[in-house]
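Read the structure below first, then the notes.
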Amino acid sequence: MEKIILNVKGMSCEHCVAAVKNAASAVPSVTGVDVSLKAGTVTLDYDPALTSVKRIRDAIEDEGY
């Protein structure tokens, strides 16, 4: 497992936090998702053998962030 922190632009409320968390959590092998509205980041653990950072970013971007 690897830990990454991604910057997320466009979050303004708890609904945004939930949408980002749900999108990241839905990607296979992603665990431990923590979204910070104040910092504008998402911290997560993932298995690079099963998914890529690009796939995680794409899932979040598909939600509009």
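Of all residues in the range 27-65, how many are over 20 Å from M11 (Cα atoms) and not small (G, A, S)?
9
Go through the range 19-55 and give me each residue that's open to solvent by less than 60 Å² (accessible area, probe 1.4 Å) and either of a type in the set (D, E) or in contact with a Leu (Cβ under 7 Å, 6 or more places away or on another chain) (or both).
Residues satisfying the conditions are A24, S29, V30, G32, V33, T41, V42, D45, D47.
On the given criteria, is G10 loosely packed, with under 14 Cβ neighbours inside 10 Å and in contact with a helix residue (DSSP H, G or I) (Cβ under 9 Å, 6 or more places away or on another chain)?
Taking the combined requirement at face value, the residue satisfies it.
Working only within the range 30-47, note down all residues that are modelled with pLDDT of 95 or more and more than 12 Å from Y65 (Cβ to Cβ).
Matches in the range 30-47: V30, V33, D34, S36, K38, A39, T43, L44, D45, Y46, D47.
The values are calculated or read from the model by the stated rules, or taken from the named source; none is laboratory data. Because the structure is a prediction, the values reported are computed rather than measured. Every residue, glycine as well, gets a Cβ built from its backbone with ideal geometry; the counts of neighbours run over all protein chains shown. Heads up: the accessible areas ignore ligands, DNA and RNA and are worked out on the full protein's heavy atoms, side chains in. Shrake-Rupley method; radii C 1.70, N 1.55, O 1.52, S 1.80 Å.
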